[in-house]
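Trainee: For reference, the structure I am asking about is given below.
Here, each number is a calculation from the coordinates, and none is a lab measurement. What you are looking at is a predicted structure, and each value in this text was computed from that prediction instead of being measured. Here Cβ is always computed from backbone atoms with ideal geometry, including for glycine, and neighbour counts include all displayed protein chains.
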Amino acid sequence: MIQLLLHAWGDYITQNDWMATNKTKSTLKGWVAVIIHATIYSLPFLFIGSFNAVFVIWITHLLIDKFRLANYVLQLKNWTFTPNGFPDGTPPFLTVWVMIIVDNTIHITINYLALYFL
């Protein structure tokens, strides 16, 4: 349960609008935003995991968010290579929520594996 709470706090409560808006941009500002977000997100995991586990959580969180891995997963799942991974005409609310769910599932799975095995 603590892992889920740390994820929720890190991804939703401590991530501000500036981080969320800029972290996927391919600029210096984008890299700074995603590094700050991944660091703030990962640090509380030191209370429950090893340094190695937290490093894996940090680097994977950074890469997943920076490159929007969830969109690539949706593209493969739906076999639709549009930017959001859904066929044209899919309601926007559906594409956003499914992307958020896929993103969270990837993060939580990696966090669990890192904490359990490292």
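Trainee: Using a 10 Å cut-off around each Cβ, can you sort Ile64, Ile57 from fewest to most neighbouring Cβ atoms?
Mentor: Lowest count first: Ile64, Ile57.
Trainee: So for the pair Trp79, Thr14, with labels modelled 7 Å out along Cα→Cβ, what separation do we get in nm?
Mentor: Simple spin-label model gives 4.2 nm for this pair.
Trainee: With each run of n ≥ 4 DSSP H residues scored as -39500 (n - 2.57), what mean residue ellipticity at 222 nm is computed for the chain after dividing by its residue count and rounding to the nearest 500 deg cm²/dmol?
Mentor: Calculated mean residue ellipticity at 222 nm is -21500 deg cm²/dmol.
Trainee: Using a simple charge model, +1 on the beta-carbon of Lys and Arg, -1 on the beta-carbon of Asp and Glu, nothing else, what dipole does segment 2-117 show about its Cα centre, in debye to the nearest 20?
Mentor: It works out to roughly 200 debye.
Trainee: Evaluate segment 2-117: find the radius of gyration of its Cα atoms, find its Kirkwood radius, and give the ratio Rg to Rh.
Mentor: 0.99
Trainee: In addition: Work out, step by step, the length gained on full extension between Ile35 and Asn104: first 0.36 nm times the residue separation, then minus their alpha carbon distance; give nm to one decimal.
Mentor: 23.0 nm
Trainee: Checking the cross-link filter: which aspartates and glutamates have an alpha carbon closer than 13 Å to that of Lys66, excluding same-chain neighbours under 8 positions apart?
Mentor: Result set, ordered by chain and number: Asp103.
Trainee: Which ordering of Leu63, Leu6 is given by a fewest-first count of other beta-carbon atoms within 10 Å?
Mentor: Ranking Leu63, Leu6 by Cβ neighbours within 10 Å, fewest first, gives Leu63, Leu6.
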